[in-house]
Amino acid sequence: MPSELLTVGVIGVGTMGQHHARVYDELEGASLVGVFDVDPERARTVAERHGTIAVGLETLLERVDAVSVAVPTAHHHAVATTCLEAGIPVLVEKPVVVDPEAGRELRATADAAGVPVQVGHVERFNPAVETLAEIVEGLSVVALTARRLGPPPARRIEDSAVLDLMIHDIDVVLALLDEEPVGVTGCATAGNRHAGALLEFPEAMASLTASRLTQRKVRTLEITAEQCLVAVDYLEQSIEIHRRSVPEYVEREEGVRFRHESLIERVRVPNDEPLRNELASFLEAVRTGSTPEVTIDDGLAALEIVREIEAGRDDVRATVDLEISHD
């Protein structure tokens, strides 16, 4: 393998994959040598845009040192397995697979081949989250509240709001707390396009909301700790720390008034593109043989909780239906 320049490719150049191609084309130490898509015209369009070529899957795997898999979730397992069996390191977009058992099979395939796999939980590489991780280390976290909301997308998305959107926040929460929840509950409405979940941890709780129905895009995370409140805006890549709130009574001419004074610290966050950070991290793991920042185990941990949320929601629905039928 080359010591510096890695040849890379992208499998699936739709909504997300085309951005992988763009970033690979821009990254130093990477050479985008081809793309593949089941839609040949789309593959040619993206390839021409980034000065590369559209090729068949088998040909692409013969040309690359590493590859991104950005096909629909239902095909992650089959496509990633093909890459691993060819000895090619893979970055597979989130969710890692549809079914946790398929994910365990993929992990076994990767282990047997001795080939690294990184899962595309891109928010881990958001500079705001990277900075937040350093802040949280010194805090006694009590609660986390995440909101990932947006208007209906132009394209059809088969995955539920939990699997498509909330899984990002599940992964971030797991990484920040570095422990598994002891309780998981969830609910959803509007054909699973708007969903909520509550994760209970030994010393904290996380409340998550995801939606493809709101008319304003929101990507926020608030952390309540005994020492402070930390507010993160993913879109703005900003962090505010509310250190204290001091209540006091103030005498004025019109009478006594009650007020709170608080100290707000605005943390400086680098203005980097999360996807660029993610792909650079993946290629560094490939180049050095180190463990990827987000492993299959990380992807599976988030997926297992997604399935618990959805199963719990279905259990509640089944119980309600049973009670209604008894009535």
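What follows draws every value from the coordinates through simple rules; no lab data is involved. Computed from a predicted model, the values in this text were never measured in an experiment. Note that we place each Cβ from the backbone using ideal geometry, even for glycine, and neighbour counts take in every protein chain shown.
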Next on the checklist: Could you tell me the calculated FRET efficiency between Thr288 and Thr189, based on Cβ-Cβ distance and R0 = 51 angstrom, to the nearest 0.05?
Outcome noted: 0.65
Checklist entry - Suppose R0 equals 51 Å; then what is the FRET efficiency for Thr45 and Val142 from their Cβ-Cβ distance, rounded to the nearest 0.05? => result 0.55
Checklist outcome for this item: The answer for the longest stretch of the chain without any exposed trypsin sites (Lys or Arg not before Pro) (DSSP loop, at most 15 further Cβ atoms within 10 Å) is 1-154
Checklist outcome for this item: Of all C-alpha pairs within the chain, those more than 26 angstrom apart amount in percent to 53 percent
Item to check | Helical segments meeting 18 Å axial Cα length and Kyte-Doolittle -0.5 threshold in the chain (DSSP H) | outcome: 274-288, 296-326
Checklist entry - Rounded if a/c is under 1.5, else prolate if a/b beats b/c, else oblate: with a ≥ b ≥ c from the C-alpha gyration tensor eigenvalues square-rooted, which is segment 93-229? => result oblate
Checklist outcome for this item: In whole Å, largest first, the alpha carbons of segment 135-181 cover along the principal axes 42, 19, 14
Item to check | Per residue, the convex hull volume that the Cα atoms of segment 171-215 enclose (Å³) | outcome: 76 Å³
Item to check | Pairwise FRET efficiency - Ala311 versus Arg104, Cβ, R0 = 22 Å, nearest 0.05 | outcome: 0.80
Checklist entry - By its C-alpha gyration tensor, with a ≥ b ≥ c as the square roots of the eigenvalues, how is segment 78-147 shaped: rounded for a/c under 1.5, else prolate for a/b larger than b/c, else oblate? => result prolate
Item to check | Cα-based convex hull volume of segment 19-154 per residue, rounded to whole Å³ | outcome: 172 Å³
